[in-house]
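These notes are about the structure you will find just below.
All of the numbers you see were taken from the coordinates with simple rules; none came from a lab. Nothing here was measured: the structure is a model prediction, and the numbers come from that model. FYI the Cβ positions are ideal-geometry reconstructions off the backbone, even for glycines, and counts take in every protein chain you see.
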Number of protein chains: 2
Amino acid sequence: MNANAIEQTEGCLSSCLQVLGNKWTALILRDLTDGPKRFTELEKSLETISPRSLSQRLDDLELHKIVTKKHFAESPPRVEYTLTERGRDFLPILKAMADWGAKHA
Amino acid sequence: MNANAIEQTEGCLSSCLQVLGNKWTALILRDLTDGPKRFTELEKSLETISPRSLSQRLDDLELHKIVTKKHFAESPPRVEYTLTERGRDFLPILKAMADWGAKHA
């Protein structure tokens, strides 16, 4: 691979795609833009995602330090997902993607 | 799904992800930034892609009017792939992705 006008250093784009190269991941990040969300809220918003896929995507995002998972000692127990700074730095990318969609879809 | 700060209209982001939600697709678009490329040039630049995958990705991009395929009546025959305007409009997204990678990788 060669670096060009897009990449300053070889591998920068691949590194972002390791996180974002999945449709659900991008839509989860979009949904977390408004603030912390519970698992069931994300599941409802994403409509056709399976609980297993959503769970895998969220674990993956936590592993990459894109979201944090916070447990509340309530009854029933509550779990919320929040974007980290790394996660919030995806928002300009998502906005640019949505603008492309608005222009060309 | 709900539109929010990211999307003006529901579905804009999904529509971009239909094209870009694949690692190879994004890297192919990056490589075409510099100008038209032949199949073998893309294959060499992407290193680990299989010819079958590259061919499928390029067919898909042609179908979505992101790239055009031009045949030159030479011997041996030459085929070149070029970004369309829709394709060039992906470049700000790729740049934003590469910037994220440069900051966070």
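When each of the peptides A:9-16, A:85-92 is scored by how many other beta carbons lie within 10 Å of its residues on average, the order from highest to lowest is A:9-16, A:85-92. Taken residue by residue and averaged, Cβ atoms of other chains lying within 10 Å of the Cβ of A:24-33 number 4. Across the protein assembly as shown, the fraction of Cα-Cα pairs farther apart than 28 Å, rounded to a whole number, is 32%.
Computed over the alpha-carbon pairs of the range B:13-104, the distance histogram in 5 Å steps reads 3, 12, 25, 25, 19, 10, 4, 2, 1, 0 percent, short to long.
In this structure, A:ASN4 and A:HIS71 have a Cβ-Cβ separation that, at R0 = 35 Å, corresponds to a calculated FRET efficiency of about 0.20. Rounded to the nearest 20 debye, the dipole size of chain B about its Cα centre is 180 debye, using +1 on the Cβ of Lys and Arg and -1 on the Cβ of Asp and Glu.
Look at where the Cα atoms of the range A:54-71 and of the range B:72-104 average out, and the two centres are 31 Å apart.
Rank B:THR48, B:THR33, B:THR84 by mean-square fluctuation in a GNM of chain B with C-alpha springs under 10 angstrom and give only the top-ranked residue. Residue with maximal mean-square fluctuation among B:THR48, B:THR33, B:THR84: B:THR48.
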